[in-house]
Amino acid sequence: MVELDNQANSSNLPNSANPGIGAAPINSSIDASAQLNVGQAEASKIPGTTSSALNCPTGASVLDPKLLEACIHCGLCLPACPTYLATGRETESPRGRIYILKMWQEGQAMEPRMAEHLDSCLGCMGCQTACPSGVQYEKLLTQARPHLQGFKDKRARKLMAFAFDKILPDYPRLQLLGKMLRMYQQSRLSRLLPALPIPKKWKRRLQEWESFLPEVPKFKPLPTQSWQSGEKTGEVQVFAGCVMDIFYNHVNHAAIRLLTKQRKIAKVPEQTCCGALAAHAGEIEIAKKLAKQNIELFERTQGDIVVTSAGCGAMLKEYGEMLEHDPHWSKRAHEFSSRIKDITESLSKGQFSSAPNPINKSVTYHAACHLSHVQKVKDAPVELLRIIPGLKLIPLEEAEHCCGSAGIYNLLNTEMSLKVLDRKMNYIKETKAEAIVSTNPGCLLQLKAGVDNEKMNTRVYHLVELLDEAFGGEK
Ligand code: SF4
Ligand code: SF4
């Protein structure tokens, strides 16, 4: 069995003496193995969990030992890990989580506290970028996640699986929900929340969730195809996303305008949810089902598939790997994934038919984890911001660190999410920028919540919105 000797390891860490803004001081006497030494009795503390739900398979049957062996325990990933920086705890670090996985792989039964530490991982992959030893942390997480589901609240799990399978892929139903949410926001019914006869704990939770929601804009269906007169340089397919198109429908319209201003024919074909939220929650079969539907639907189309949400783009680029071992789908999935381009990748390679107008504003750029760490798209967003005359781009400290959104992590692990957001907002405040720019709906929702909580007068933009403004916007 691997011993988690936190004292010895954390003393070697380059950042161990200074986790930085908002981080808890590292308690070098933490014995991580003691933190994890909890028995089955702990299971009864997890609502909806039964002992049979804890019958999770052995780590040896789930994890590839070679992936674990790649970790040399150097700790260089720790300064890149937002949950470690927020808590200063080894068990909330990539190295600590790899230890936990190794314990499991070597025969220790998975216990609730171990599962909790794995579950509190944001999946941001900052550690993977920082690791000098090439540890494929994402693969480890993907192998482990589906087997940790038994540790979660049974009812919540069922509800989430229903949402991933029946609501997110059903666009008319989703649009109806968006409409209802908009009506609720406009009616200010939320003011009645404090008077509702529900437990205080639930009221607090509902208020926290509400703080993550922006005002839902009026939904305007996207055109099935769009172009400008004159010469065309090709055809692209726009992947509009499910949640993205509800909360940021105007961004999808802006993206289509920009693509046509690069003389492209922009089409919006039939499509479904990318499955990212399902995959991140360990509901891998739902994610595979959605992947197969998207592959079939887009096989009827040609050209790049351009994505406005960094989280969806990362998932779509991973279909090839997800269906690698399925002989019927593997080749088709790889072909599909090779067509995926983030909107910033696509626009940075094209030529606009006119020059941008100046925007005299100072902005700072938060790099979405799923764009920078997973898709490895780092330069394109900055290159696009630089073409806007008058725009002052102020560098953001830890720009590539997760903001704590991570899909629906902020709804499920609100406390940790807010700690992570705190650190991000402190650095944003230091820039004194008038606006924050990012490229992922989850980040935009989270940063907007941060701005509101801090009562800052800072606008949060999707990069495409700002670029569209520079190129004339909607006429
Ligand atoms: S994951 Fe990589 S960076 Fe982190 S401890 Fe292991 S080898 Fe070092
Ligand atoms: S994925 Fe992100 S939160 Fe999880 S261990 Fe790596 S850096 Fe930390």
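The values are calculated or read from the model by the stated rules, or taken from the named source; none is laboratory data. Just so it is clear, the model here is predicted, and its values are computed rather than measured. When we count neighbours, we look across all protein chains shown, and the Cβ atoms used for this are built from the backbone with ideal geometry, even at glycine.
Only one entry of K166, K232 meets the criterion of being free of Cβ contacts under 8 Å to residues at least 40 places away in the same chain, outside any strand (DSSP E or B), basic (K, R) and within 23 Å of Q293 (Cα to Cα), and that entry is K166. Among residues that are touching a His at 6+ places or on another chain (Cβ under 9 Å) and modelled with pLDDT of 95 or more, A254 is included. Just to be sure before I move on: is K179 over 22 Å from V62 (Cα atoms) and either basic (K, R) or outside any helix (DSSP H, G or I) (or both) in the structure I sent? For K179, the condition - over 22 Å from V62 (Cα atoms) and either basic (K, R) or outside any helix (DSSP H, G or I) (or both) - is met.
Residue by residue, here is whether (1) modelled with pLDDT under 95; (2) more than 18 Å from the chain's Cα centre (by Cα); (3) more than 11 Å from ligand 1 (Cβ to nearest atom) holds:
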{"site": "E90", "(1), (2), (3)": "no, yes, no"}
{"site": "I98", "(1), (2), (3)": "no, yes, no"}
{"site": "G107", "(1), (2), (3)": "yes, yes, yes"}
{"site": "M110", "(1), (2), (3)": "yes, yes, yes"}
{"site": "T129", "(1), (2), (3)": "no, no, no"}
{"site": "V135", "(1), (2), (3)": "no, yes, no"}
{"site": "Q149", "(1), (2), (3)": "yes, yes, yes"}
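Against the list (1) free of Cβ contacts under 8 Å to residues at least 60 places away in the same chain; (2) of a type outside the set (D, E, K, R); (3) touching a Gly at 6+ places or on another chain (Cβ under 7 Å), the condition C127 fails is (3). Looking only at residues in the stretch 92-149 that are part of a loop (DSSP other than H, G, I, E, B) and either of a type in the set (V, I, T) or within 18 Å of A279 (Cβ to Cβ) (or both), the one that is farthest from ligand 2 (Cβ to nearest atom) is Q136. Among the conditions (1) surrounded by 12 or more Cβ atoms within 10 Å (Cβ to Cβ); (2) in contact with a helix residue (DSSP H, G or I) (Cβ under 9 Å, 6 or more places away or on another chain), the only one that K166 does not satisfy is (1). Beta carbons closer than 6 Å, at least 6 apart along the sequence or on distinct chains, pair a first residue in the stretch 89-101 that is assigned by TED's automatic domain parsing to the domain that holds H73 with a second that is aliphatic (A, V, I, L, M) and near ligand 1 (Cβ under 9 Å from one of its atoms) for S93/L78.
Scan the stretch 65-88 for residues that are away from ligand 1 (no atom under 15 Å from the Cβ) and either without any contact (Cβ under 8 Å) to a residue 24 or more places away in the chain or part of a loop (DSSP other than H, G, I, E, B) (or both) and jot them down. Within the stretch 65-88, just G88 meets the criteria. Evaluating P132 against the criteria (1) crowded, with 20+ Cβ neighbours inside 10 Å; (2) within 20 Å of H370 (Cα to Cα) leaves one unmet condition, (1). Evaluation of I436 against the conditions (1) farther than 24 Å from R257 by Cα; (2) outside any helix (DSSP H, G or I) shows that the sole unmet condition is (1).
The single residue among T431, T439 that is modelled with pLDDT of 95 or more and surrounded by fewer than 24 Cβ atoms within 10 Å (Cβ to Cβ) turns out to be T431.
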